[in-house]
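Single-structure report; data block below.
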């Protein structure tokens, strides 16, 4: 079967199984990406979640010998929360970023890629393939850009002409030749809205992200959140959508045709205080199917404490006091101390002094002392 015919059949199959976009590119090294990754590494911008070996990220043959082509796919996800619950005094809520709405997108994309893989093996029984979603060594965005899925926006997201940047990406490497698609020209023009509104200035220049200061990354860390970012977190529990929501290419776009991706409003915009008493089992039962749960409950609970401080929720003082006094995790105790100071109140100074007399963790003591200094200033 000719390569052009195989490609056409794959395009038809992709439409049949609900893949929103499919593109094809060669498995040649991503030379331009190498330079960007080296610069990012040298400047300390990398998140640490990605593959550390730059050569593996830019040369598909190091992962998949005799690689000839890469098939890129994109699935559009919802951008609006229908019937969203609202925060109320004493009942404030946090928010998960849109990429964590519905079922974990890794699972959804892997299912679609598996279907496509099975079909390709029917067409070409001897074919070898390897699929990747997000956690693979290749850069999903670099593959999607070269395969014509969309262009790489100034916010570093892939922006498609049909779905904006509200798309999940995945790819499949193969050892057969398939004709490549043409990349899409950059359409950001002179717009800099994403750069201008980034809460932490993490978009240091068009197309370059300092992941270490990006809220989407910071919400996933497990340690103490650096103090300079805490007040910028707002009520975000996982991820950040700011650079996408302001993008003109996303205006009025909303796609909910994938049933698995439809969000449960109470899950993606949950009440904050109940989060803080959840057991591991309760957390997994409630949030385990969401991609935002992959780091466990501690980062989410730490972020919920910061969100309560953001709202200055005085009704949370008893709960935060209990966490400061009894929680076995230093990050939760120390963040609770910080949050109590931000909320304020007549008894906060005494709460901190009582906690300090029983605290033996240096980082928590430092948080308490810093809070007492603010209260006494």
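What follows is calculated from the coordinates using simple rules that are stated; it is not laboratory data. This one's a predicted model, so the numbers in the text were calculated from it and none came from an experiment. All Cβ positions, glycine included, derive from the backbone under ideal geometry; neighbour counts span all protein chains shown.
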How far is the Cα center of the stretch 107-163 from the Cα center of the stretch 210-224, in Å? 26 Å
Highest GNM mean-square fluctuation among 164, 345, 239, for the chain with Cα springs under 10 Å, belongs to 345
Rank 60, 274, 328 by mean-square fluctuation in a GNM of the chain with C-alpha springs under 10 angstrom and give only the top-ranked residue. 328
Under the rule of -39500 (n - 2.57) per DSSP H run of 4 or more residues, summed and divided by the residues of the chain, what mean residue ellipticity at 222 nm is obtained, to the nearest 500 deg cm²/dmol? -11500 deg cm²/dmol
Remind me, relative contact order of the stretch 5-118 in percent, using alpha carbon pairs under 8 angstrom and six or more residues apart? 34 percent
Counted neighbours (other Cβ, 10 Å), sorted fewest up, put 324, 218, 10, 375 in the order 375, 10, 218, 324
For the stretch 267-377, state the average projected area of the convex hull of the C-alpha atoms over all orientations, rounded to one decimal in nm². 6.8 nm²
Using Cα springs under 10 Å in a Gaussian network model of the chain, which residue among 302, 329, 146 shows the largest mean-square fluctuation? 329
Counting only C-alpha contacts under 8 Å and six or more residues apart, can you give the relative contact order of the stretch 207-311 as a whole percent? 43 percent
Using DSSP, restrict attention to beta bridges with both residues in the chain and report what percent are antiparallel, rounded to the nearest 5. 95 percent
With all distinct Cα pairs included, what does the Kirkwood hydrodynamic radius of the chain come out to in Å, to one decimal, could you say? 22.4 Å
Taking other Cβ within 10 Å of each residue's Cβ, how do 21, 56 sort, fewest first? 56, 21
Counting pairwise Cα distances across the stretch 237-332, what percent come out greater than 15 angstrom? 68 percent
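Counting other C-beta atoms within 10 Å, which of 26, 152 has the fewest, and how do the rest follow?
Going from least to most buried by this count: 26, 152.
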Working from the alpha-carbon coordinates of the stretch 142-272, get Rg over Rh, Rh being the Kirkwood radius. 1.00
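Report the relative contact order of the chain, percent, no decimals, based on alpha-carbon pairs under 8 angstrom and at least 6 residues apart.
Worked out over the chain, it gives 20 percent.
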Overall Cα dimensions of the stretch 225-271, principal axis frame, Å, largest first: 40, 29, 13
Once the convex hull of the alpha carbons of the stretch 1-147 is built, what does its volume come to per residue, in cubic angstrom? 138 Å³
For the stretch 1-76, using Cα atoms only, the Rg and Dmax in Å read 15.9, 48
Centroid-to-centroid separation of the stretch 167-189 and the stretch 313-376 [C-alpha atoms, Å]: 51 Å
